[in-house]
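A short write-up of the structure that comes next.
The values are calculated or read from the model by the stated rules, or taken from the named source; none is laboratory data. Nothing here was measured: the structure is a model prediction, and the numbers come from that model. All Cβ positions, even for glycine, are placed from backbone atoms using ideal geometry, and neighbour counts span all protein chains on display.
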């Protein structure tokens, strides 16, 4: 079975074609600048790749470019789209309606659209991606949707409720939803395999990237997570502020005369690394400035930005260890989590109270590696692993499982 995994954004469409016989990626790529000029970048498993500028006024045209790339005589990997058994779609927001992956029908599409208010930049783009696939491949090819929020639906009410009047939960669904659930689900699953059991395990998964979230996973299920009603909550991120006193919002709005939309943009696109460092939202730029020391003009602000993130992660690790009454393993994943030995070392320093010790050599080795690496010292009471995430594989597996039952 070959499964096409699709992740549609507002102006992009990422894809992977996965052979489920061995779960290998046959080809992958991305369509960018949809709605404007348009560009597709396509890469094969053997390393060959091509890029092409092509007008993409909408997602349907973008998906037709994906079809052309996959079936191209020179760079294609299949004879026709009939070789694809099913399509799996990543959906950011499933609200309280979806606690697991489901087969797509018109009712499901309408429910995803109905949740767009909770993720306006994402859900409508996902719907466009689904409809584009149907338009290009027909209604007979099964489509499956996998939700970022689904893994977090096991949280107890004490974890997902906010202490605002209960009526706002009843009327508008105001609650903690959590995000990056597919990633947390994947790496925590790998970690339970390493531990050799699911029941009785206490794992903290740290998905640290341009967007970051931390999750407490007990007995293989989400118990708590750092992101909230939106992906804005939790630790500092590339351009997001993370947790702040809510009164800061109204204070700044009054002082600068900002509208709700302007304040929302400030917190989501002008804060985090970008806001604190004053020059970049990219962790690589931040670490580069720090590595040059005080001779770098950005050193002081870059270090402050990095330190705020490290302290924030440390706080969540401590609170989740308390919430679960212990921790067996900590997992780092995603762009920064997988590739920043300096951040991991800083986060895990001075955690003697939890019995955490890292192996400096193994920590340094865990950089742009494709395998799972244990970075905790032999005498550490808590295992610490760097596990590369693979959300696309989770989507492909769920799609295969659902389609095989049809």
State yes or no: is residue 301 crowded, with 20+ Cβ neighbours inside 10 Å, modelled with pLDDT of 95 or more and either touching a helix residue (DSSP H, G or I) at 6+ places or on another chain (Cβ under 9 Å) or not assigned by TED's automatic domain parsing to the domain that holds residue 249 (or both)?
no
Checking residue 106 against (1) more than 28 Å from residue 20 (Cα to Cα); (2) loosely packed, with under 14 Cβ neighbours inside 10 Å; (3) more than 18 Å from the chain's Cα centre (by Cα), only one condition comes out false. Which one?
(1)
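Condition check ((1) closer than 19 Å to residue 397 by Cα; (2) assigned by TED's automatic domain parsing to the domain that holds residue 207; (3) within 23 Å of the chain's Cα centre (by Cα)) across all residues:
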{"position": "84", "(1), (2), (3)": "yes, no, no"}
{"position": "96", "(1), (2), (3)": "no, no, yes"}
{"position": "119", "(1), (2), (3)": "no, no, yes"}
{"position": "135", "(1), (2), (3)": "no, no, no"}
{"position": "142", "(1), (2), (3)": "yes, no, no"}
{"position": "152", "(1), (2), (3)": "yes, no, yes"}
Report yes if residue 277 is within 13 Å of residue 308 (Cβ to Cβ) and either surrounded by fewer than 17 Cβ atoms within 10 Å (Cβ to Cβ) or out of contact with any helix residue (DSSP H, G or I) (no Cβ under 9 Å at 6 or more places or on another chain) (or both), otherwise no.
no
In segment 269-326, which helices (runs of 4 or more DSSP H) lie fully inside it and hold 3 or more residues that are in contact (Cβ under 8 Å) with a residue 12 or more places away in the chain and under 29 Å from residue 354 (Cα atoms)?
283-291, 299-323
I'm trying to understand the selection: among the residues of segment 189-222, which are crowded, with 19+ Cβ neighbours inside 10 Å, at pLDDT 95 or above and over 17 Å from residue 394 (Cβ atoms)?
201, 202, 204, 206, 208, 212, 214, 216, 218
From 353, 394, 347, grab the single residue that is assigned to a helix (DSSP H, G or I) and more than 17 Å from residue 204 (Cβ to Cβ).
394
Given the condition surrounded by 18 or more Cβ atoms within 10 Å (Cβ to Cβ), more than 22 Å from the chain's Cα centre (by Cα) and farther than 29 Å from residue 406 by Cα, answer yes or no: does some residue in segment 46-56 qualify?
yes
Out of the residues in segment 335-344 meeting the condition of being part of a helix (DSSP H, G or I) and modelled with pLDDT of 95 or more, tell me which one is surrounded by the fewest Cβ atoms within 10 Å (Cβ to Cβ).
342
Over segment 82-96, the set of residues touching a strand residue (DSSP E or B) at 6+ places or on another chain (Cβ under 9 Å), surrounded by fewer than 18 Cβ atoms within 10 Å (Cβ to Cβ) and not in a strand (DSSP E or B) is 83
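Per-residue answers, yes or no, for (1) touching a residue at least 40 places away in the same chain (Cβ under 8 Å); (2) over 17 Å from residue 151 (Cβ atoms); (3) out of contact with any strand residue (DSSP E or B) (no Cβ under 7 Å at 6 or more places or on another chain):
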{"residue": "182", "(1), (2), (3)": "yes, no, no"}
{"residue": "203", "(1), (2), (3)": "yes, no, no"}
{"residue": "212", "(1), (2), (3)": "yes, no, yes"}
{"residue": "220", "(1), (2), (3)": "no, no, yes"}
{"residue": "223", "(1), (2), (3)": "yes, no, no"}
{"residue": "241", "(1), (2), (3)": "no, yes, yes"}
Tell me, which residue of segment 364-391 that is in a helix (DSSP H, G or I) and touching a strand residue (DSSP E or B) at 6+ places or on another chain (Cβ under 8 Å) is nearest to residue 145 (Cα to Cα)?
391
Over segment 157-176, the set of residues at pLDDT 95 or above, in a loop (DSSP other than H, G, I, E, B) and farther than 20 Å from residue 243 by Cβ is 165, 166
